[in-house]
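A quick write-up on the structure given underneath.
The values are calculated or read from the model by the stated rules, or taken from the named source; none is laboratory data. These figures come from a predicted structure and were not determined experimentally. As a convention, Cβ positions derive from the backbone with ideal geometry for all residues, glycine included, and neighbour counts pool all protein chains shown.
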Amino acid sequence: MTDQRPAPISPDRYTEEYFLTACEGYEDFLASDGENLSRRLRAAFALAAVRPGMRVLDVACGRGEIVRHCAQLGADAFGFDYARAAIALARNVITRDSEGITGRMGLAQADAKYYPFPARTFDRVLMFDIVEHLHPWELHTALREAHRVLKDDGMLIIHTAPNRWYDRYAYPVVRLFRRMMGQGAAYPANPRCFLVEHNLDVHVNEQSMLSLWLALRRAGFRARVWLDSPPQQRDESPILAAARYVLFHWPPFRWFFEREVFAVATKRR
């Protein structure tokens with residue numbers, strides 16, 4: 001029987017240009033040389049509650065700013081990525097001026113399906129904006145690896161976007177409304193091209209709140225999974241503002257209109 005699993009995305013697709021023009025947080029990274037995190041990364045990182053003395057693993061560490069932020073808080077932080085461009089960028093970030101950094105930092109070039117670390121090593125494992133880049137079979141393997149390297153009382157923190165139910169069900173409604181408002185040019189037919197065209201090539205496994213919860217459970221975790229979205233501050237009529245509030249705050253509507261998925265998971269005992 002032939003293997004029907006889709007092939008992993010080639011690491012060659014993840015170039016320096018990708019990390020500096022398309023990968024989440026690039027604008028804040030460029031503006032602050034990695035010292036400031038984007039709203040998404042800041043929200044996800046806060047969930048980890050990193051403390052001095054912890055050991056933290058950043059899976060698919062990208063440019064390396066999360067590794068540096070962990071070390072600034074006094075944790076020993078390690079990151080790995082399978083893209084050569086990511087490791088080159090991250091190395092520059094963690095080796096520059098180390099004033100105020102009390103934790104150790106380390107990097108490795110490795111695949112997210114094979115963590116190069118012993119079992120029960122880390123207090124925190126961070127998977128920020130990597131889930132959507134892994135086919136389902138890869139994601140299960142990566143989550144099992146996270147389970148393996150976590151200490152028994154450790155936590156896995158996940159951020160992924162977009163919410164699959166938004167793309168499938170809410171985006172067509174939003175696009176139709178925007179076209180009626182004369183703004184259709186900014187809303188392509190394929191939601192994977194929305195905002196970041198590069199996602200068409202590398203997003204292969206967007207999650208809903210339910211699908212991520214199930215994936216974590218199958219990998220041996222118990223998890224709290226929820227949705228969120230960027231703050232909506234718009235000058236609009238009271239009717240539109242009320243409609244937006246309902247769509248983004250009331251279930252079941254918010255299950256489809258919120259765009260970001262967060263999870264905090266621990267080992268099931």
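Kindly establish whether Arg120 is over 19 Å from the mean Cα position of the chain (by Cα), closer than 24 Å to Arg224 by Cα and surrounded by fewer than 20 Cβ atoms within 10 Å (Cβ to Cβ).
On the way: over 19 Å from the mean Cα position of the chain (by Cα): yes; closer than 24 Å to Arg224 by Cα: yes; surrounded by fewer than 20 Cβ atoms within 10 Å (Cβ to Cβ): yes.
Against the criterion (over 19 Å from the mean Cα position of the chain (by Cα), closer than 24 Å to Arg224 by Cα and surrounded by fewer than 20 Cβ atoms within 10 Å (Cβ to Cβ)), Arg120 qualifies.
Within region 93-122, track down each residue that is of a type outside the set (D, E, K, R) and without any contact (Cβ under 8 Å) to a residue 12 or more places away in the chain. Give the derivation first.
Narrowing region 93-122 to residues of a type outside the set (D, E, K, R): 93-95, 98, 100-103, 105-110, 112, 114-119, 121-122.
Selection gives Thr95, Ser98.
Yes or no: region 219-227 includes at least one residue that is in a helix (DSSP H, G or I) and either among the polar types (S, T, N, Q) or more than 15 Å from the chain's Cα centre (by Cα) (or both).
Looking only at region 219-227, we keep the residues that are in a helix (DSSP H, G or I), and these are none.
No.
I'm trying to understand the selection: among the residues of region 148-193, which are out of contact with any helix residue (DSSP H, G or I) (no Cβ under 6 Å at 6 or more places or on another chain), surrounded by 14 or more Cβ atoms within 10 Å (Cβ to Cβ) and part of a loop (DSSP other than H, G, I, E, B)?
Ala161, Pro162, Pro188, listed by residue number.
If Leu30 satisfies every condition in (1) in contact with a helix residue (DSSP H, G or I) (Cβ under 9 Å, 6 or more places away or on another chain); (2) closer than 20 Å to His159 by Cα; (3) modelled with pLDDT of 95 or more but one, which is the exception?
(2)
Which of the residues belonging to region 193-217 are among the acidic types (Asp, Glu) and touching a Lys or Arg at 6+ places or on another chain (Cβ under 7 Å)? Steps first, answer last, please.
Looking only at region 193-217, we keep the residues that are among the acidic types (Asp, Glu), and these are 197, 201, 206.
Across region 193-217, the qualifying residues are Asp201, Glu206.
With the requirement that a residue be farther than 19 Å from Leu156 by Cα and over 17 Å from the mean Cα position of the chain (by Cα), what does region 35-60 give you? Even if it seems obvious, please write down each step before you answer.
Let us first name the residues in region 35-60 that are farther than 19 Å from Leu156 by Cα, namely 35-39.
Answer for region 35-60, where residues must be farther than 19 Å from Leu156 by Cα and over 17 Å from the mean Cα position of the chain (by Cα): just Glu35.
Quick one: which of Ser229, Ser237, Ser208 is of a type in the set (Ser, Thr, Tyr), within 22 Å of Pro172 (Cβ to Cβ) and surrounded by fewer than 18 Cβ atoms within 10 Å (Cβ to Cβ)? Write out each step before concluding.
Values: Ser237 fails: within 22 Å of Pro172 (Cβ to Cβ); Ser208 fails: surrounded by fewer than 18 Cβ atoms within 10 Å (Cβ to Cβ).
On inspection, the qualifying residue turns out to be Ser229.
Looking only at region 26-39, decide whether some residue is part of a loop (DSSP other than H, G, I, E, B) and of a type in the set (A, V, I, L, M). Quick ask: steps written out before the conclusion?
Initially, region 26-39 is screened for residues part of a loop (DSSP other than H, G, I, E, B), giving 33-38.
Checking which are of a type in the set (A, V, I, L, M) leaves us with 37.
Yes: region 26-39 contains one or more residues that are part of a loop (DSSP other than H, G, I, E, B) and of a type in the set (A, V, I, L, M).
Check region 18-34 and report whether any residue there is surrounded by 14 or more Cβ atoms within 10 Å (Cβ to Cβ), of a type outside the set (Phe, Trp, Tyr) and touching a Pro at 6+ places or on another chain (Cβ under 7 Å). Break it down stepwise before answering.
Applying the first criterion (surrounded by 14 or more Cβ atoms within 10 Å (Cβ to Cβ)) to region 18-34 yields 18-20, 22-26, 28-29, 34.
Those left that are additionally of a type outside the set (Phe, Trp, Tyr): 20, 22-25, 28, 34.
Narrowing the set further to residues that are touching a Pro at 6+ places or on another chain (Cβ under 7 Å) leaves none.
Taking every residue of region 18-34 in turn, none turns out to be surrounded by 14 or more Cβ atoms within 10 Å (Cβ to Cβ), of a type outside the set (Phe, Trp, Tyr) and touching a Pro at 6+ places or on another chain (Cβ under 7 Å).
For region 235-260, how many residues are touching a Phe, Trp or Tyr at 6+ places or on another chain (Cβ under 8 Å) and of a type in the set (A, V, I, L, M)?
Initial filter on region 235-260 (touching a Phe, Trp or Tyr at 6+ places or on another chain (Cβ under 8 Å)): 246-248, 254-259.
Those still in the list that are of a type in the set (A, V, I, L, M) too: 246-247.
Residues meeting the conditions: 2.
Quick check on my filter: what residues within region 74-101 are crowded, with 20+ Cβ neighbours inside 10 Å and in a loop (DSSP other than H, G, I, E, B)?
Ala75, Ala83
Which pairs have Cβ atoms under 9 Å, sit 6 or more apart or on different chains, and link a residue in region 24-40 that is in contact (Cβ under 8 Å) with a residue 12 or more places away in the chain and on the phi < 0 side of the Ramachandran plot to one that is of a type outside the set (Lys, Arg) and loosely packed, with under 13 Cβ neighbours inside 10 Å?
Listed by first residue and then by second, the contacts come to Ser38/Glu27; Arg39/Pro230; Arg39/Pro231; Arg40/Pro230.
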